[in-house]
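> Structure incoming, see below.
The values are calculated or read from the model by the stated rules, or taken from the named source; none is laboratory data. These numbers come from a predicted model, not from an experiment. When we count neighbours, we look across all protein chains shown, and the Cβ atoms used for this are built from the backbone with ideal geometry, even at glycine.
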């Protein structure tokens, strides 16, 4: 059976209007805007919508003072060369979006919906996607220390050219999830890997991890 690959996002960014810090607020609807060289520490964008926008060289805030994006919707958007010590966007929606060259410390994005999202050359320390729904998501040439997919529903997700240190998927539902090439030093939820694709080399590398997770002694 052939593993289906993620379908790419569709972006249609034409002439964009320059956006300013004062444009961003709770429940605002912002369309066709370009945000560049902004510091968004402590900005409240709860349940805001960003449609067909571009973010470039934006700081999404520090560990203690991130932008608040709870319940926000980002669609048709390009995010390039940004930084987020803490990316706080739980219960949000990320649709048809491409994120490249971006550094994320802690991604607090649980209980979210991601569809047709592509990460390219990003550095991510921790990504909390618990209880989220991911469809057509690709991490391309990314370095991820830990990804948490516990109780998530994941379909057509791949990690080409990427590395992941810890892969958590306890209670997750996976379908067409391609983790070939990954060499995590810890996998949590081995019994939930049904629906994932690995390669022959990984099968040998993961043997000890699988045995430990399943309580099997190898002597």
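> Could you look through region 179-203, keep only residues that are in a loop (DSSP other than H, G, I, E, B), surrounded by fewer than 17 Cβ atoms within 10 Å (Cβ to Cβ) and in contact with a strand residue (DSSP E or B) (Cβ under 8 Å, 6 or more places away or on another chain), and pick out the one that is modelled with the highest pLDDT?
Ranking the candidates gives 180 first.
> Could I ask something else about it? Return the residues of region 16-30 that are at negative phi and assigned to a loop (DSSP other than H, G, I, E, B); say none if nothing qualifies.
Passing the criteria: 16, 19, 20, 24, 25, 26, 28.
> Residues being outside any strand (DSSP E or B) and surrounded by 15 or more Cβ atoms within 10 Å (Cβ to Cβ): count how many of those fall in region 140-159.
Adding up the residues that qualify gives 6.
> Quick one: residue 132 ticks every box in (1) within 22 Å of residue 210 (Cβ to Cβ); (2) out of contact with any strand residue (DSSP E or B) (no Cβ under 6 Å at 6 or more places or on another chain) bar one, so which box is it?
(1)
This table checks each residue for (1) farther than 24 Å from residue 168 by Cα; (2) touching a residue at least 24 places away in the same chain (Cβ under 8 Å); (3) touching a helix residue (DSSP H, G or I) at 6+ places or on another chain (Cβ under 9 Å).
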| site | (1), (2), (3) |
| --- | --- |
| 10 | yes, yes, no |
| 15 | yes, no, no |
| 18 | yes, no, no |
| 39 | yes, no, yes |
| 48 | yes, yes, no |
| 59 | yes, yes, no |
| 84 | no, yes, no |
| 94 | no, no, no |
| 103 | no, no, no |
